[in-house]
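The values are calculated or read from the model by the stated rules, or taken from the named source; none is laboratory data. Predicted model, so just to flag it, every value in this text is computed and none were measured. Using ideal geometry, Cβ is built from the backbone for each residue, glycine included, and neighbour counts are taken over all protein chains shown. For accessibility, only protein heavy atoms count, side chains too; no ligands or nucleic acids. Shrake-Rupley method; radii C 1.70, N 1.55, O 1.52, S 1.80 Å.
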Amino acid sequence: MPRLLPRNDDTSGGNAAVKDTARWESALRAAPGVIRADLRPGRRDPLPRHRHLGRLAHGHIVLFCVLMGIWDMNLYEGLMEPAPGGVTLLVLVQSAAPVLALTRPTAALWASSVALALTATLTSAVFGGPWPWSVPGICLHAVVLLLLSLRVRPAAAVAAVGLSLLTGIGAVVPHPVPGPITLPLGALTFVTVTVIGCSLRAARVSRTRLVEQEELTAEERARRALLEERGRIARELHDVVAHHMSVISIQAQVAPHLVADPSPELRENLAGIRQNAVDALTELRRVLGVLRGDGAAGDAAAGVRHAPQPTLERLGELLANVRAAGLDVTAETRGGRRPLSPGTELSAYRIVQEALSNAVRHAPGARATVRTHYHRDGLTVRITNTAPARPPGPAPAGPGGEPGHGLLGMRERTAMLGGELAAGPTPDGGWEVTATLPAPLDPKDGP
(Lines give C-alpha, C1' and ligand atoms only; values in the text may rest on other atoms or scores of the structure.)
Protein backbone atom coordinates (compact mmCIF):
# COMPACT_ATOMS: atom_id res chain seq x y z
CA MET A 1 0.00 0.00 0.00
CA PRO A 2 1.29 3.49 -0.71
CA ARG A 3 2.35 5.41 2.34
CA LEU A 4 0.28 8.46 3.15
CA LEU A 5 2.35 11.51 3.92
CA PRO A 6 1.28 13.37 7.04
CA ARG A 7 -0.59 16.56 6.33
CA ASN A 8 1.13 19.70 7.44
CA ASP A 9 -1.46 21.53 9.54
CA ASP A 10 0.98 24.29 10.48
CA THR A 11 1.10 25.90 7.05
CA SER A 12 -1.57 28.50 7.74
CA GLY A 13 -0.15 29.22 11.17
CA GLY A 14 3.33 29.60 9.71
CA ASN A 15 2.08 32.00 7.06
CA ALA A 16 0.31 34.08 9.71
CA ALA A 17 3.48 34.19 11.82
CA VAL A 18 5.51 35.30 8.82
CA LYS A 19 2.99 38.06 8.07
CA ASP A 20 3.01 39.22 11.69
CA THR A 21 6.81 39.29 11.72
CA ALA A 22 6.90 41.27 8.50
CA ARG A 23 4.34 43.73 9.86
CA TRP A 24 6.35 44.30 13.03
CA GLU A 25 9.57 44.74 11.05
CA SER A 26 7.85 47.29 8.82
CA ALA A 27 6.52 49.15 11.87
CA LEU A 28 9.97 49.25 13.47
CA ARG A 29 11.57 50.57 10.29
CA ALA A 30 8.93 53.30 10.07
CA ALA A 31 9.13 54.24 13.78
CA PRO A 32 11.97 56.81 13.48
CA GLY A 33 10.16 58.67 10.76
CA VAL A 34 6.89 58.58 12.72
CA ILE A 35 8.62 59.95 15.84
CA ARG A 36 10.31 62.78 13.91
CA ALA A 37 7.09 63.74 12.19
CA ASP A 38 4.79 63.56 15.24
CA LEU A 39 7.13 65.10 17.84
CA ARG A 40 8.14 68.21 15.92
CA PRO A 41 7.91 71.13 18.39
CA GLY A 42 6.12 73.40 15.92
CA ARG A 43 3.39 70.90 15.10
CA ARG A 44 -0.08 72.39 15.65
CA ASP A 45 -2.97 70.01 16.36
CA PRO A 46 -5.90 71.61 18.24
CA LEU A 47 -7.95 69.30 20.44
CA PRO A 48 -11.43 69.05 18.87
CA ARG A 49 -14.54 69.89 20.81
CA HIS A 50 -16.18 67.04 22.67
CA ARG A 51 -19.24 65.62 20.98
CA HIS A 52 -21.44 66.09 24.06
CA LEU A 53 -19.53 68.43 26.41
CA GLY A 54 -18.29 70.92 23.83
CA ARG A 55 -15.58 73.21 25.31
CA LEU A 56 -16.40 72.20 28.88
CA ALA A 57 -13.59 69.62 28.86
CA HIS A 58 -11.11 72.35 27.87
CA GLY A 59 -12.28 74.46 30.81
CA HIS A 60 -11.82 71.55 33.19
CA ILE A 61 -8.23 71.13 32.03
CA VAL A 62 -7.49 74.81 32.64
CA LEU A 63 -9.03 74.62 36.12
CA PHE A 64 -7.04 71.45 36.87
CA CYS A 65 -3.79 73.19 35.85
CA VAL A 66 -4.51 76.14 38.16
CA LEU A 67 -5.19 73.88 41.15
CA MET A 68 -2.16 71.66 40.52
CA GLY A 69 0.07 74.71 40.05
CA ILE A 70 -1.04 76.21 43.39
CA TRP A 71 -0.52 72.88 45.13
CA ASP A 72 2.92 72.44 43.56
CA MET A 73 4.02 75.96 44.47
CA ASN A 74 2.83 75.61 48.06
CA LEU A 75 4.66 72.29 48.31
CA TYR A 76 8.00 73.77 47.24
CA GLU A 77 7.50 76.89 49.39
CA GLY A 78 6.93 74.74 52.47
CA LEU A 79 9.93 72.46 51.88
CA MET A 80 12.53 74.94 50.61
CA GLU A 81 11.49 78.03 52.68
CA PRO A 82 11.32 79.93 50.37
CA ALA A 83 11.53 78.34 46.91
CA PRO A 84 14.11 79.85 44.58
CA GLY A 85 12.87 82.02 41.74
CA GLY A 86 14.00 79.43 39.19
CA VAL A 87 11.81 76.77 40.79
CA THR A 88 8.82 79.14 40.78
CA LEU A 89 9.33 79.86 37.09
CA LEU A 90 9.59 76.14 36.29
CA VAL A 91 6.38 75.42 38.23
CA LEU A 92 4.59 78.09 36.19
CA VAL A 93 5.91 76.60 32.93
CA GLN A 94 4.83 73.10 33.89
CA SER A 95 1.39 74.34 35.00
CA ALA A 96 0.89 76.07 31.65
CA ALA A 97 2.06 73.05 29.61
CA PRO A 98 -1.31 71.16 29.66
CA VAL A 99 -3.08 74.32 28.49
CA LEU A 100 -0.57 74.61 25.65
CA ALA A 101 -1.20 70.93 24.85
CA LEU A 102 -4.78 71.80 23.89
CA THR A 103 -3.42 73.33 20.66
CA ARG A 104 0.25 72.30 20.41
CA PRO A 105 0.72 68.97 22.21
CA THR A 106 4.28 68.39 20.99
CA ALA A 107 5.53 71.80 22.12
CA ALA A 108 3.80 71.21 25.47
CA LEU A 109 5.63 67.87 25.83
CA TRP A 110 9.04 69.45 25.31
CA ALA A 111 8.27 72.37 27.65
CA SER A 112 6.94 70.09 30.40
CA SER A 113 9.84 67.62 30.01
CA VAL A 114 12.43 70.40 30.28
CA ALA A 115 10.62 71.79 33.35
CA LEU A 116 10.55 68.33 34.93
CA ALA A 117 14.26 67.77 34.32
CA LEU A 118 15.38 71.17 35.61
CA THR A 119 13.09 71.06 38.64
CA ALA A 120 14.34 67.57 39.55
CA THR A 121 17.96 68.68 39.14
CA LEU A 122 17.50 71.78 41.31
CA THR A 123 15.56 70.10 44.10
CA SER A 124 17.08 66.61 44.37
CA ALA A 125 20.46 67.97 45.46
CA VAL A 126 18.96 70.29 48.09
CA PHE A 127 16.88 68.08 50.37
CA GLY A 128 15.73 64.52 50.77
CA GLY A 129 12.19 63.46 50.26
CA PRO A 130 9.83 62.02 47.65
CA TRP A 131 11.71 63.31 44.60
CA PRO A 132 12.80 63.72 41.74
CA TRP A 133 9.17 64.67 41.00
CA SER A 134 6.44 66.17 43.08
CA VAL A 135 2.98 64.60 42.94
CA PRO A 136 1.41 67.73 41.35
CA GLY A 137 4.22 67.74 38.77
CA ILE A 138 3.48 64.11 37.92
CA CYS A 139 -0.22 64.91 37.51
CA LEU A 140 0.47 67.91 35.25
CA HIS A 141 2.88 65.98 33.04
CA ALA A 142 0.46 63.02 32.91
CA VAL A 143 -2.20 65.34 31.44
CA VAL A 144 0.29 66.48 28.79
CA LEU A 145 1.06 62.86 27.87
CA LEU A 146 -2.65 62.02 27.74
CA LEU A 147 -3.45 64.92 25.42
CA LEU A 148 -0.43 64.06 23.28
CA SER A 149 -1.24 60.35 22.96
CA LEU A 150 -4.75 61.24 21.83
CA ARG A 151 -3.32 62.90 18.73
CA VAL A 152 -0.08 61.14 17.78
CA ARG A 153 0.68 57.64 16.62
CA PRO A 154 1.62 54.97 19.21
CA ALA A 155 5.32 55.01 18.31
CA ALA A 156 5.55 58.72 19.08
CA ALA A 157 3.56 58.28 22.31
CA VAL A 158 5.98 55.55 23.48
CA ALA A 159 8.94 57.82 22.68
CA ALA A 160 7.32 60.61 24.72
CA VAL A 161 7.01 58.28 27.74
CA GLY A 162 10.67 57.28 27.39
CA LEU A 163 11.71 60.92 27.23
CA SER A 164 9.69 61.65 30.36
CA LEU A 165 11.29 58.82 32.32
CA LEU A 166 14.76 59.98 31.32
CA THR A 167 14.12 63.35 32.97
CA GLY A 168 13.71 61.62 36.34
CA ILE A 169 16.43 59.03 35.90
CA GLY A 170 18.92 61.74 34.94
CA ALA A 171 18.18 63.64 38.15
CA VAL A 172 18.26 60.62 40.50
CA VAL A 173 21.50 59.02 39.32
CA PRO A 174 23.92 61.90 40.12
CA HIS A 175 22.02 62.87 43.30
CA PRO A 176 20.74 59.78 45.09
CA VAL A 177 17.97 60.77 47.47
CA PRO A 178 17.49 59.00 50.82
CA GLY A 179 14.07 57.53 51.43
CA PRO A 180 11.31 56.82 48.88
CA ILE A 181 11.34 58.48 45.50
CA THR A 182 8.45 59.17 43.10
CA LEU A 183 10.17 57.78 40.03
CA PRO A 184 8.25 54.44 40.10
CA LEU A 185 4.98 56.28 40.79
CA GLY A 186 5.63 58.67 37.93
CA ALA A 187 6.60 55.86 35.57
CA LEU A 188 3.42 53.93 36.38
CA THR A 189 1.26 57.04 35.95
CA PHE A 190 2.88 58.05 32.65
CA VAL A 191 2.56 54.58 31.15
CA THR A 192 -1.07 54.26 32.29
CA VAL A 193 -2.27 57.57 30.83
CA THR A 194 -0.38 56.89 27.59
CA VAL A 195 -2.03 53.49 27.20
CA ILE A 196 -5.43 55.10 27.85
CA GLY A 197 -4.76 57.87 25.34
CA CYS A 198 -3.54 55.47 22.65
CA SER A 199 -6.59 53.26 23.20
CA LEU A 200 -8.97 56.19 22.87
CA ARG A 201 -7.17 57.35 19.75
CA ALA A 202 -7.35 53.86 18.22
CA ALA A 203 -11.09 53.73 18.95
CA ARG A 204 -11.59 57.15 17.34
CA VAL A 205 -9.57 56.18 14.27
CA SER A 206 -11.56 52.95 13.95
CA ARG A 207 -14.85 54.85 14.12
CA THR A 208 -13.63 57.33 11.52
CA ARG A 209 -12.55 54.56 9.18
CA LEU A 210 -15.86 52.77 9.71
CA VAL A 211 -17.79 55.92 8.79
CA GLU A 212 -15.61 56.38 5.71
CA GLN A 213 -16.16 52.76 4.73
CA GLU A 214 -19.91 53.12 5.19
CA GLU A 215 -19.87 56.21 2.97
CA LEU A 216 -17.88 54.36 0.32
CA THR A 217 -20.26 51.41 0.58
CA ALA A 218 -23.26 53.69 0.18
CA GLU A 219 -21.67 55.36 -2.85
CA GLU A 220 -20.83 51.99 -4.36
CA ARG A 221 -24.37 50.75 -3.71
CA ALA A 222 -25.82 53.85 -5.36
CA ARG A 223 -23.49 53.48 -8.33
CA ARG A 224 -24.41 49.81 -8.70
CA ALA A 225 -28.10 50.65 -8.50
CA LEU A 226 -27.63 53.31 -11.16
CA LEU A 227 -25.84 50.89 -13.49
CA GLU A 228 -28.47 48.22 -12.91
CA GLU A 229 -31.25 50.65 -13.68
CA ARG A 230 -29.52 51.87 -16.85
CA GLY A 231 -29.02 48.28 -17.94
CA ARG A 232 -32.69 47.56 -17.31
CA ILE A 233 -33.71 50.60 -19.36
CA ALA A 234 -31.37 49.54 -22.17
CA ARG A 235 -32.86 46.04 -22.19
CA GLU A 236 -36.35 47.48 -22.48
CA LEU A 237 -35.36 49.86 -25.28
CA HIS A 238 -33.81 47.00 -27.21
CA ASP A 239 -37.23 45.88 -28.45
CA VAL A 240 -38.05 49.40 -29.57
CA VAL A 241 -34.81 49.79 -31.55
CA ALA A 242 -34.98 46.25 -32.91
CA HIS A 243 -38.47 46.91 -34.23
CA HIS A 244 -37.29 49.96 -36.16
CA MET A 245 -34.29 48.10 -37.57
CA SER A 246 -36.51 45.25 -38.70
CA VAL A 247 -38.86 47.68 -40.44
CA ILE A 248 -35.90 49.30 -42.22
CA SER A 249 -34.70 45.89 -43.42
CA ILE A 250 -38.15 44.89 -44.71
CA GLN A 251 -38.74 48.22 -46.45
CA ALA A 252 -35.33 48.06 -48.13
CA GLN A 253 -36.14 44.56 -49.37
CA VAL A 254 -39.60 45.51 -50.69
CA ALA A 255 -38.66 48.87 -52.23
CA PRO A 256 -37.23 47.48 -55.54
CA HIS A 257 -40.53 45.76 -56.25
CA LEU A 258 -42.41 49.05 -56.02
CA VAL A 259 -40.53 50.56 -58.92
CA ALA A 260 -41.33 49.57 -62.50
CA ASP A 261 -37.76 49.38 -63.72
CA PRO A 262 -35.28 49.96 -60.85
CA SER A 263 -31.76 50.78 -61.88
CA PRO A 264 -28.82 48.59 -60.75
CA GLU A 265 -27.54 51.45 -58.60
CA LEU A 266 -30.89 51.66 -56.77
CA ARG A 267 -30.96 47.90 -56.22
CA GLU A 268 -27.38 48.00 -54.91
CA ASN A 269 -28.07 50.86 -52.50
CA LEU A 270 -31.23 49.26 -51.16
CA ALA A 271 -29.42 45.95 -50.74
CA GLY A 272 -26.70 47.76 -48.81
CA ILE A 273 -29.29 49.43 -46.57
CA ARG A 274 -30.94 46.09 -45.87
CA GLN A 275 -27.61 44.40 -45.11
CA ASN A 276 -26.55 47.20 -42.77
CA ALA A 277 -29.88 46.96 -40.96
CA VAL A 278 -29.51 43.19 -40.56
CA ASP A 279 -25.93 43.57 -39.30
CA ALA A 280 -26.95 46.29 -36.84
CA LEU A 281 -29.79 44.12 -35.57
CA THR A 282 -27.37 41.21 -35.03
CA GLU A 283 -24.93 43.39 -33.08
CA LEU A 284 -27.80 44.84 -31.08
CA ARG A 285 -28.83 41.34 -30.01
CA ARG A 286 -25.27 40.63 -28.91
CA VAL A 287 -25.22 43.80 -26.84
CA LEU A 288 -28.52 42.79 -25.28
CA GLY A 289 -27.00 39.46 -24.24
CA VAL A 290 -24.19 41.30 -22.46
CA LEU A 291 -26.61 43.71 -20.76
CA ARG A 292 -28.85 40.94 -19.50
CA GLY A 293 -25.97 39.22 -17.73
CA ASP A 294 -27.10 37.76 -14.43
CA GLY A 295 -30.57 39.16 -14.83
CA ALA A 296 -31.37 37.00 -17.85
CA ALA A 297 -32.63 34.10 -15.77
CA GLY A 298 -34.83 36.38 -13.71
CA ASP A 299 -36.21 38.03 -16.82
CA ALA A 300 -37.01 34.70 -18.36
CA ALA A 301 -38.69 33.51 -15.19
CA ALA A 302 -40.82 36.64 -15.15
CA GLY A 303 -41.77 36.10 -18.75
CA VAL A 304 -40.54 39.51 -19.83
CA ARG A 305 -37.73 38.59 -22.21
CA HIS A 306 -39.99 37.95 -25.18
CA ALA A 307 -43.00 40.04 -24.11
CA PRO A 308 -43.69 43.26 -26.05
CA GLN A 309 -42.74 46.43 -24.22
CA PRO A 310 -45.76 48.20 -22.69
CA THR A 311 -47.11 51.57 -23.83
CA LEU A 312 -49.75 53.91 -22.50
CA GLU A 313 -52.35 51.79 -24.31
CA ARG A 314 -51.93 49.29 -21.47
CA LEU A 315 -52.35 51.88 -18.72
CA GLY A 316 -55.82 50.51 -17.94
CA GLU A 317 -54.35 47.05 -17.20
CA LEU A 318 -51.79 48.60 -14.88
CA LEU A 319 -54.43 50.53 -12.95
CA ALA A 320 -56.52 47.35 -12.60
CA ASN A 321 -53.52 45.53 -11.10
CA VAL A 322 -52.92 48.41 -8.70
CA ARG A 323 -56.55 48.38 -7.56
CA ALA A 324 -56.27 44.65 -6.99
CA ALA A 325 -53.22 45.37 -4.79
CA GLY A 326 -55.41 47.56 -2.56
CA LEU A 327 -54.76 51.11 -3.84
CA ASP A 328 -57.71 53.29 -4.83
CA VAL A 329 -56.54 54.93 -8.07
CA THR A 330 -58.24 57.05 -10.74
CA ALA A 331 -57.02 58.28 -14.13
CA GLU A 332 -57.52 61.57 -15.96
CA THR A 333 -56.46 62.52 -19.48
CA ARG A 334 -56.21 66.03 -20.90
CA GLY A 335 -55.49 67.10 -24.45
CA GLY A 336 -55.92 65.19 -27.66
CA ARG A 337 -54.31 61.81 -27.42
CA ARG A 338 -51.75 61.24 -30.14
CA PRO A 339 -49.17 58.59 -30.91
CA LEU A 340 -45.73 59.19 -29.40
CA SER A 341 -42.41 57.54 -30.06
CA PRO A 342 -42.11 54.01 -28.61
CA GLY A 343 -39.36 55.15 -26.23
CA THR A 344 -41.51 57.98 -24.85
CA GLU A 345 -44.52 55.67 -24.45
CA LEU A 346 -42.41 53.06 -22.67
CA SER A 347 -40.79 55.60 -20.32
CA ALA A 348 -44.14 57.20 -19.45
CA TYR A 349 -45.64 53.79 -18.65
CA ARG A 350 -42.69 52.79 -16.46
CA ILE A 351 -42.76 56.09 -14.57
CA VAL A 352 -46.46 55.63 -13.77
CA GLN A 353 -45.81 52.00 -12.81
CA GLU A 354 -42.95 52.84 -10.46
CA ALA A 355 -44.80 55.75 -8.83
CA LEU A 356 -47.86 53.59 -8.16
CA SER A 357 -45.63 50.79 -6.85
CA ASN A 358 -44.11 53.24 -4.36
CA ALA A 359 -47.60 54.35 -3.32
CA VAL A 360 -48.61 50.73 -2.68
CA ARG A 361 -45.45 50.14 -0.61
CA HIS A 362 -45.32 53.33 1.41
CA ALA A 363 -48.88 54.71 1.50
CA PRO A 364 -51.32 51.89 2.34
CA GLY A 365 -54.94 53.00 2.28
CA ALA A 366 -54.19 56.16 0.31
CA ARG A 367 -55.95 57.38 -2.83
CA ALA A 368 -53.93 57.95 -5.99
CA THR A 369 -54.55 59.88 -9.19
CA VAL A 370 -52.79 59.51 -12.54
CA ARG A 371 -53.08 62.52 -14.84
CA THR A 372 -51.74 62.51 -18.41
CA HIS A 373 -51.64 65.75 -20.35
CA TYR A 374 -50.89 65.75 -24.08
CA HIS A 375 -49.70 69.14 -25.29
CA ARG A 376 -47.83 70.60 -28.22
CA ASP A 377 -44.39 70.16 -26.64
CA GLY A 378 -44.88 66.61 -25.44
CA LEU A 379 -46.47 64.70 -22.57
CA THR A 380 -46.76 65.52 -18.88
CA VAL A 381 -47.52 62.72 -16.43
CA ARG A 382 -48.46 63.54 -12.84
CA ILE A 383 -49.03 60.87 -10.20
CA THR A 384 -50.24 61.96 -6.76
CA ASN A 385 -51.36 60.09 -3.67
CA THR A 386 -52.86 61.22 -0.39
CA ALA A 387 -51.38 60.60 3.03
CA PRO A 388 -51.34 56.93 4.09
CA ALA A 389 -54.27 55.76 6.18
CA ARG A 390 -52.07 53.40 8.25
CA PRO A 391 -48.38 52.77 8.80
CA PRO A 392 -46.73 50.83 5.96
CA GLY A 393 -45.99 47.18 6.58
CA PRO A 394 -43.47 44.91 4.85
CA ALA A 395 -42.85 46.17 1.32
CA PRO A 396 -44.93 44.15 -1.16
CA ALA A 397 -43.96 43.48 -4.73
CA GLY A 398 -44.73 46.21 -7.20
CA PRO A 399 -47.89 45.77 -9.23
CA GLY A 400 -47.65 44.50 -12.73
CA GLY A 401 -43.94 44.70 -13.43
CA GLU A 402 -40.39 43.96 -12.41
CA PRO A 403 -39.00 46.05 -9.55
CA GLY A 404 -36.85 49.06 -10.28
CA HIS A 405 -35.00 51.58 -8.14
CA GLY A 406 -37.76 54.11 -7.47
CA LEU A 407 -36.89 57.73 -8.13
CA LEU A 408 -33.52 56.73 -9.56
CA GLY A 409 -35.14 54.86 -12.44
CA MET A 410 -37.66 57.65 -13.07
CA ARG A 411 -34.92 60.26 -13.26
CA GLU A 412 -32.83 58.12 -15.61
CA ARG A 413 -35.76 57.58 -17.98
CA THR A 414 -36.69 61.25 -17.95
CA ALA A 415 -33.09 62.42 -18.46
CA MET A 416 -32.65 59.94 -21.33
CA LEU A 417 -35.43 61.70 -23.23
CA GLY A 418 -34.24 65.20 -22.28
CA GLY A 419 -37.23 65.80 -19.99
CA GLU A 420 -37.69 66.96 -16.41
CA LEU A 421 -38.82 65.17 -13.28
CA ALA A 422 -40.01 66.64 -9.99
CA ALA A 423 -40.90 64.58 -6.94
CA GLY A 424 -41.68 65.50 -3.37
CA PRO A 425 -44.24 65.59 -0.56
CA THR A 426 -47.52 67.45 -0.84
CA PRO A 427 -48.96 69.81 1.81
CA ASP A 428 -51.55 67.21 2.88
CA GLY A 429 -48.90 64.60 3.70
CA GLY A 430 -49.03 62.75 0.41
CA TRP A 431 -46.55 62.48 -2.44
CA GLU A 432 -46.40 63.77 -6.01
CA VAL A 433 -44.32 62.81 -9.04
CA THR A 434 -44.42 64.96 -12.20
CA ALA A 435 -42.57 64.00 -15.37
CA THR A 436 -42.46 66.15 -18.49
CA LEU A 437 -41.36 64.19 -21.56
CA PRO A 438 -40.58 66.20 -24.71
CA ALA A 439 -42.35 65.05 -27.88
CA PRO A 440 -42.93 68.12 -30.10
CA LEU A 441 -45.97 68.02 -32.34
CA ASP A 442 -45.15 67.68 -36.04
CA PRO A 443 -46.17 70.97 -37.80
CA LYS A 444 -47.85 69.04 -40.61
CA ASP A 445 -50.25 67.55 -38.02
CA GLY A 446 -51.82 70.96 -37.55
CA PRO A 447 -52.41 72.99 -34.40
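In the context of the full set of protein chains, residues of region 27-123 present 55 Å² of accessible surface per residue (probe radius 1.4 Å, heavy atoms only). Under 5 Å from the amide H of R43 lie the amide H atoms of A107, each residue being 5 or more positions distant or on a separate chain, with H modelled from the backbone and absent for Pro and chain starts. Please report the net charge: other residues with Cβ closer than 12 Å to the Cβ of R36, K and R +1, D and E -1. Its environment carries a net charge of +2. P(r) for region 29-68, from all Cα pairs and a bin width of 10 Å, is 23, 28, 31, 17, 0 %, short bins first. Measuring r between the beta carbons of A202 and E420 and using R0 = 35 Å, the FRET efficiency lands at 0.10. Between A439 and G378, L379, the built amide H atoms are under 5 Å apart, and every one of these is 5 or more places off in sequence or on another chain.
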